[in-house]
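**Q** Let me begin by handing over the structure; questions about it come next.
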Amino acid sequence: MLEQILFYFFAGLAILSAVLVVTAKNVVHSAVFLITALLATAGIFLQLHAEFLFIVQLILYAGGIMVLFVFVIMLVNLDVSLHQVQFNRQWWLGLLLALVLGAHLVIAIAVGRSGLPLGQPAPASSLEPSTQLVGRTLFTSYMVPFEIASVLLLVAMIGAVVMAKKQRREVGAKQ
Amino acid sequence: MIPTGYYLFVSLALFTIGVIGVVTRRNVIVILMSIELILNAVNINLVAFSRLVGSVEGHVFAIFVITDAAAEAAVGLGIIIAYFRNRETLLADEMDILKW
């Protein structure tokens with residue numbers, strides 16, 4: 001019973017705050033609602049016996065990435081964007097197409113559900129202890145993707161620094 | 001015990017809301033946030049199926065997705081800062097230098 005209540009709480013919170021992320025006029029409000037959605041997702045992870053991912057979600061997503069977002073929001077001009085229209089001109093067409101996509105996926109899951117073995121989950125003990133199993137899998141079967149991910153992070157870091165830094169010489173040459 | 005199908009529908013709802021955000025909003029930062037929502041929906045799917053089959057590999061892929069999300073956010077926000085410094089706008093439909 002408690003499990004159901006928690007699931008509906010986290011799912012409802014995630015969906016509600018996701019809707020508010022998209023509809024909020026102020027970008028800072030969007031960021032705060034996104035943090036709520038990420039925390040609710042972390043709760044769903046915990047219910048699915050993914051303790052390591054729960055912590056990763058809290059520290060990396062809600063902690064790290066969102067700080068980055070809030071930093072950038074503070075760097076760019078907020079007052080101007082508050083008076084602008086926040087939805088583009090073809091928003092109704094985009095909304096319609098996105099809803100068609102969503103309905104399509106609902107039908108796909110509803111129809112395909114009978115064919116998928118969705119009924120009986122494996123025993124929870126097969127995922128315990130979560131962190132140890134994740135670590136062992138990450139450093140044995142997925143060693144090469146793990147190293148590639150580290151290179152990806154390095155490239156992204158260099159790219160972000162190169163793009164965000166001021167290019168004084170070019171600006172001076174233009175003036 | 002909550003059936004896996006329920007998690008799929010939560011993930012589907014988050015994914016659709018994220019797509020709606022990407023195609024309807026003008027502000028580039030909100031578009032990036034909607035992409036984070038979409039990646040989050042994917043993670044819920046991966047972890048739910050991981051729970052279903054009792055294997056931890058879905059968690060590993062979710063970690064890779066989170067890594068990608070971090071890289072994408074860093075690069076995307078770097079591009080946004082560079083663009084804003086040059087053009088003083090954050091609206092996706094005003095970013096039309098390539099159009100003439």
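**Q** Roughly how much accessible area, to the nearest 100 Å², goes out of reach of solvent when B and A pair up, both sides summed, probe 1.4 Å?
**A** The contact between A and B buries close to 7000 Å².
**Q** Work out, step by step, the length gained on full extension between A:Met1 and A:Ile107: first 0.36 nm times the residue separation, then minus their alpha carbon distance; give nm to one decimal.
**A** That works out to 35.3 nm of additional length.
**Q** Hey, another quick one. For a quick check: with amide H placed at 1.01 Å from N, whose amide H comes under 5 Å from B:Asn27's, ignoring anything fewer than 5 positions away on the same chain?
**A** The answer is B:Ala92.
**Q** How large, in percent, is the carbon and sulfur part of the accessible surface of segment B:4-94 at a probe radius of 1.4 Å?
**A** Whole-percent figure for carbon plus sulfur exposure: 66.
**Q** Let me ask another. Packing-wise, with mean Cβ within 10 Å as the measure, how do A:147-157, B:53-63, B:35-45 rank, highest first?
**A** B:35-45, B:53-63, A:147-157
**Q** What residue among B:Leu32, B:Leu46, B:Leu77 shows peak mean-square fluctuation when chain B is described by a Gaussian network model with Cα springs under 10 Å?
**A** In this elastic network of chain B, the residue with the biggest mean-square fluctuation among B:Leu32, B:Leu46, B:Leu77 is B:Leu77.
**Q** I'd like to check one number: the per residue accessible area of segment A:1-78, probe 1.4 Å, reported in Å² as a whole number.
**A** 44
**Q** A follow-up question, please. In a GNM of chain B with a 10 Å cut-off on Cα contacts, which of B:Val22, B:Val75, B:Val47 has the highest mean-square fluctuation?
**A** B:Val75
**Q** By how many degrees, 0 to 90 and rounded to 10, does the Cα axis of helix B:4-24 deviate from the longest principal axis of chain B?
**A** For helix B:4-24, the angle is close to 10 degrees.
**Q** Then there is this: State in Å² the accessible area per residue of segment A:123-169; use a 1.4 Å probe, count heavy atoms of protein chains only, and round to the nearest integer.
**A** Solvent-accessible surface per residue comes out at 71 Å².
**Q** I've got another one for you. I'd like the mean, over residues of B:33-45, of how many other protein chain beta carbons sit within 10 Å of each residue's own Cβ.
**A** 5
**Q** Shifting gears a bit: Hey, how many Å between the Cα centroid of segment B:5-81 and the Cα centroid of segment A:146-161?
**A** When both Cα centres are located, 19 Å separates them.
**Q** Related question: Using the Kyte-Doolittle scale, which helices in chain A average at least -1.0 and also have C-alpha atoms spread 20 Å or more along the helix axis, with helices defined as whole DSSP H runs?
**A** Length and hydropathy pass: A:2-23, A:27-47, A:91-112, A:143-164.
**Q** Can you give the mean number of other chain Cβ atoms that lie within 10 Å of the Cβ atoms in peptide A:83-91?
**A** Whole-number average of other-chain Cβ neighbours for A:83-91 is 4.
**Q** Considering only protein heavy atoms, what per residue accessible area in square angstrom results for segment B:1-56 with a 1.4 angstrom probe?
**A** Normalised by residue count, the accessible surface of segment B:1-56 is 25 Å².
**Q** With a Förster radius of 45 Å, plug the Cβ-Cβ distance of A:Phe139 and A:Tyr8 into 1/(1 + (r/R0)^6) and report the FRET value to the nearest 0.05.
**A** 0.75
The values are calculated or read from the model by the stated rules, or taken from the named source; none is laboratory data. All of these numbers come straight from a predicted model, not from anything done at the bench. Positions of Cβ are backbone-derived with ideal geometry, glycine not excepted, and every protein chain shown enters the neighbour counts. Ligands, DNA and RNA are excluded from the accessible area calculation, which covers all protein heavy atoms including side chains. Shrake-Rupley method; radii C 1.70, N 1.55, O 1.52, S 1.80 Å.
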